[in-house]
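Comments concern the structure below.
The values are calculated or read from the model by the stated rules, or taken from the named source; none is laboratory data. Values in this document were obtained by computation on a predicted structure and should not be read as measured data. Positions of Cβ are backbone-derived with ideal geometry, glycine not excepted, and every protein chain shown enters the neighbour counts. Quick note on the areas: whole protein, heavy atoms, side chains included, nothing else; ligands and nucleic acids left out. Shrake-Rupley method; radii C 1.70, N 1.55, O 1.52, S 1.80 Å.
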Amino acid sequence: MVYVPDTIFALATAPGKAGVAVVRVSGSLAGHAGSALFGKLPHPRMASLRILKDAAGRRLDQALVLFFPEKNSFTGEEVLELHLHGSVAVVNAVLRELSEMDGLRLAEPGEFTRRALENGCLDLAQVEGLADLIEAETEAQRRQALRVLSGDLGDLAGGWRSNLIRAAALLEATIDFADEEVPVDVSPEVLGLLGNVRSELATEISGVEAAERIRTGFEVAILGAPNVGKSTLLNMLAGREAAITSEYAGTTRDVIEVRMDLNGLPVTLLDTAGLRETTDHVEGIGIERARERAKAADLRVFLIEQNQHPDFQPLPGDIVRTAKADVLSDATDAVSGVSGQGVSDLVKEITTTLSDRAARSGIATRERHRTAMGRANDNLSAASAVLDLGPDHYEIAAEELRSAIRALDSIVGRVDVENLLDEIFSSFCIGK
Ligand SMILES: Nc1nc2c(c(=O)[nH]1)N(C=O)[C@@H](CNc1ccc(C(=O)N[C@@H](CCC(=O)O)C(=O)O)cc1)CN2
Ligand SMILES: Nc1nc2c(ncn2[C@@H]2O[C@H](COP(=O)(O)OP(=O)(O)OP(=O)(O)O)[C@@H](O)[C@H]2O)c(=O)[nH]1
């Protein structure tokens, strides 16, 4: 018997009151569900205004409806979209009506996208891009996610794949004719192909770190002695009273986080406990946390009281400013969270530093991609090494090429990814 998946439905827009709410239905019964709710289906992919009614003929809502035939929809299945008045009562009534129809059930998180993947409408990298696009809060995140959703990573991997398949074919041809006179030595061409792929892999691998930061955010820690004005500066940067400030040294103990959008880059600012020797147990824990988070941060901003020698060492690339610019006679390279002096200059320096790092990102965005590319790269360097040993070793080289191709195929989910799917889709919201 042919397996027919359930028809699924869910609210696709955010729950709660809204101008319009979209309920999506996908599966072989989507068209039936539409006919049951409002009669004759509209032209495919054309919006049409209809009265939705329950099984007893009572009105549920007046809605714009869309029908996508099989193979011509987001999921690749029949899809029905109901653009409802966005009230809790309307949405609940329509969801209840759908749940009472035979063969229909509520979708699991990410299940629409999972079907798009299973039906070949999206590859695995595009699914990741879609997840990132929905999570995107800043411009850099949106642009990066959209690139992956559009298939750029799959295209890149596909290009490498073609080159490696050509290289493998050249080797196979030589292997097949091993006992005969082979007129041409294929190894220069094969090495050329491998060399190109390897250098592009190396570039992409080196960009993943920056792309991961764009995805998850850069961390910037504000550090300095107690009372130097770290919390006051954080509040000025955040534009709100995120951290408690006081004249008592040792006020901040937990790490305070503030999310910001700096020129399109997602940044988490960290306010930390003032660094000093202390006998206070709780303050000591705070200082330990401050040191750990500062170490892991992408960038550190050190605030230093004029004429004081801090007992901590800025790393190269870190930013150093003198505190309390407003009470200094010479406020060069100083900043004040009270008067705002030097703040825009500080923000500019943080932004420039992080933008330079973000610019190193390529197309690949995840550790998963880096691992796959790294494995392919290892296979290719092994292949290149054995090629130099002569035609007797071409079989081994060809095997390494096949492994490299398999590694690259895992990027788009062509192989070896079944176990990943649950993990990837569990992060989706229902209705996506
Ligand atoms: N109302 C609505 N808006 C939406 C979506 C949606 O599902 N519904 N999307 C959902 O995420 C996004 C748009 N993405 C979509 C991607 C593919 C298809 C689609 O029908 N694809 C078919 C046909 C392509 C074509 O004819 O050009 C296909 O891929 O075969 C629809 C929406 C954002 N906006
Ligand atoms: N004049 C002046 N006073 C400041 C400035 N920044 C902070 N202060 C004052 O300095 C004191 C300490 O400020 P905080 O922002 O709490 O300092 P902190 O570095 O977070 O202190 P800890 O939590 O103890 O590490 C408060 O009385 C602030 O009002 C500044 O730029 N100029």
Quickly run through segment 61-78 and pick out the residues that are within 7 Å of ligand 1 (Cβ to nearest atom) and among the hydroxyl-bearing types (Ser, Thr, Tyr). Ser73
Could you please find all residues in segment 40-60 being open to solvent by less than 90 Å² (accessible area, probe 1.4 Å) and either within 16 Å of ligand 2 (Cβ to nearest atom) or at negative phi (or both)? Leu41, Pro42, Pro44, Ala47, Ser48, Arg50, Ile51, Leu52, Lys53, Asp54, Ala56, Leu60
When you check Ala89 against the structure, is it open to solvent by 10 Å² or more (accessible area, probe 1.4 Å), without any contact (Cβ under 8 Å) to a residue 40 or more places away in the chain and away from ligand 1 (no atom under 14 Å from the Cβ), yes or no? yes
Can you pull out every residue in segment 334-354 that is open to solvent by 40 Å² or more (accessible area, probe 1.4 Å) and out of contact with any helix residue (DSSP H, G or I) (no Cβ under 9 Å at 6 or more places or on another chain)? Ser344, Asp345, Lys348, Glu349, Thr352
Given the structure, is Glu77 touching a Gly at 6+ places or on another chain (Cβ under 7 Å), away from ligand 2 (no atom under 16 Å from the Cβ), at negative phi and in the same structural domain as Pro15 (by TED's automatic domain parsing)? yes
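From the list Val338, Val386, Val412, Val347, which one is under 21 Å from Leu299 (Cβ atoms), β-branched (Val, Ile, Thr) and touching a residue at least 12 places away in the same chain (Cβ under 8 Å)?
Sole residue among the options that is under 21 Å from Leu299 (Cβ atoms), β-branched (Val, Ile, Thr) and touching a residue at least 12 places away in the same chain (Cβ under 8 Å): Val347.
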For segment 105-117, state whether one or more residues are touching a Phe, Trp or Tyr at 6+ places or on another chain (Cβ under 8 Å), crowded, with 22+ Cβ neighbours inside 10 Å, not hydrophobic (A, V, I, L, M, F, W, C) and not in a helix (DSSP H, G or I). yes
Anything in segment 130-153 that is surrounded by fewer than 20 Cβ atoms within 10 Å (Cβ to Cβ), among the acidic types (Asp, Glu) and assigned to a helix (DSSP H, G or I)? List them, or say none. Glu135, Glu139, Asp152
Conditions (1) part of a loop (DSSP other than H, G, I, E, B); (2) open to solvent by less than 50 Å² (accessible area, probe 1.4 Å); (3) closer than 27 Å to Cys121 by Cβ; number of the one not met by Leu37: (1)
Pairs please, first residue from segment 360-375 and at positive phi and open to solvent by 10 Å² or more (accessible area, probe 1.4 Å), second anywhere and of a type in the set (Phe, Trp, Tyr) and in a helix (DSSP H, G or I), Cβ atoms under 8 Å, 6+ apart in sequence or on different chains. none
